[in-house]
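A quick write-up on the structure given underneath.
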Amino acid sequence: MSDNGLFLTLEGIDGAGKSSHLDALEALFRAQGREVVRTREPGGTPLAETLRGLILEKPMDPLTESLLVFAARRDHIVQIIEPALVRGDVVLCDRFTDATFAYQGAGRGFDEAVLSTLERWVQAEAGRAPLLQPHITLWFDLAPEIAAQRLAGARVPDKFEAQPVEFFSRVAQGYAARVAADAKRFVRIDASQSRDQVWQQVETALVARGVLNGSVTR
Ligand code: TMP
């Protein structure tokens, strides 16, 4: 097991703007000589991308949705994430299990004890104690009303993006609860600021955490 692998995830409600920083983040790590595996959830493997299409488009009950999300995650961990971390790469992942607790748990009101059981089943890996989790999670925190304005008219909404603002209020509360339960892992990014200011926050946080060399980021 390599000690150098870095598992970095980005989280936040739809419209918070997290994905628009992935290109710059990848470039920054590569400029510092790191191999980067850029990926996303649900998705990241052919099987998981197939499941993503179903999860984002087909109506289903919350248990089915949770099982599919975790099935996709298991394939993603086994095929992509774990091998990359063992190689010592940076895994830059757009969403992970925090999204399940926020969307299926808080948003849909699904039983969090069941989600915790699935999390243990899926993320238990030899040598990872107690569970595979991101080393750092950037949480793009934005008021649901502002996110809804940003999303309006941007593209044809998927099943989640089409949810009312009350759903996203619950999802945001779900994220806040996840952060409160594991504060060390999270960096809160104030996503209400301009895109440049948000990027500054991201850079500053990663330098402060010691995973980016500050002298190369300017
Ligand atoms: P994305 O648009 O940021 O790629 O995310 C896809 C959607 O899937 C987003 O609306 C959040 C949702 N989602 C869940 O509901 N549960 C999950 O576990 C994950 C990873 C995403």
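Observations
- The residues packed around A177, meaning those with a beta-carbon under 15 Å from its beta-carbon, carry a net charge of -2 if Lys and Arg are +1 and Asp and Glu are -1.
- Förster radius 30 Å - calculated FRET efficiency between W121 and N4, Cβ distance, rounded to 0.05: 0.65
- Solvent-accessible surface (1.4 angstrom probe) belonging to S169, in square angstrom, nearest 10: 40 Å²
- Beta bridge orientation in the chain: antiparallel %, DSSP, nearest 5: 5 percent
- A probe of 1.4 angstrom, applied to the heavy atoms of all protein chains, finds E35 with accessible area near 110 square angstrom.
- Spin-label model, Q200/K184: points 7 Å from Cα along the beta carbon direction are separated by 3.1 nm.
- Between the listed residues T137, Q201, S20, the Cα displaced farthest toward the positive end of the dipole of the chain, a dipole computed from Cβ unit charges relative to the Cα centre, is found at Q201.
- Local electrostatic count at L118 - Lys and Arg +1, Asp and Glu -1, tallied over other residues with Cβ under 13 Å: -1
- Gyration tensor (Cα) of the range 112-163, equivalent ellipsoid semi-axes in angstrom: 33, 14, 10
- Length gained on full extension, R128 to Q173: 13.4 nm, using 0.36 nm per residue less the C-alpha separation.
- Counted over all Cα-Cα pairs of the chain, pairs farther apart than 29 Å make up 22 percent.
- The range 58-78 versus the range 140-218: alpha-carbon centroid distance in Å: 23 Å
- Dipole moment magnitude, nearest 20 debye, the range 32-154 about Cα centre, only Lys, Arg, Asp, Glu C-beta charged: 240 debye
- In this view, the solvent-accessible surface of T204, computed with a 1.4 Å probe and all protein chains in place, comes to about 80 Å².
- Label-to-label distance, R150 versus R38, with points set 7 angstrom from Cα along the beta-carbon direction: 1.8 nm.
- Ranked order, V198, V37 - accessible area, probe 1.4 Å, largest first: V37, V198
- Cα convex hull volume per residue for the range 122-218 (Å³): 152 Å³
- The accessible surface of the chain, taken with every protein chain in place and a 1.4 Å probe, is 55 percent carbon and sulfur.
- For the chain, the 222 nm mean residue ellipticity estimated from helices alone, with every DSSP H stretch of n ≥ 4 adding -39500 (n - 2.57) and the total spread over all residues, rounds to -13500 deg cm²/dmol.
- Net +/- balance of residues flanking P164 in space, Cβ distance below 15 Å, scoring K and R +1, D and E -1: -2
The values are calculated or read from the model by the stated rules, or taken from the named source; none is laboratory data. Only a predicted model underlies this, so the values are computations on that prediction, with no experimental measurement involved. Virtual Cβ from ideal backbone geometry, glycine too; neighbours counted across all protein chains shown. We work out accessible area using only protein heavy atoms, side chains counted, and drop any ligands, DNA or RNA first. Shrake-Rupley method; radii C 1.70, N 1.55, O 1.52, S 1.80 Å.
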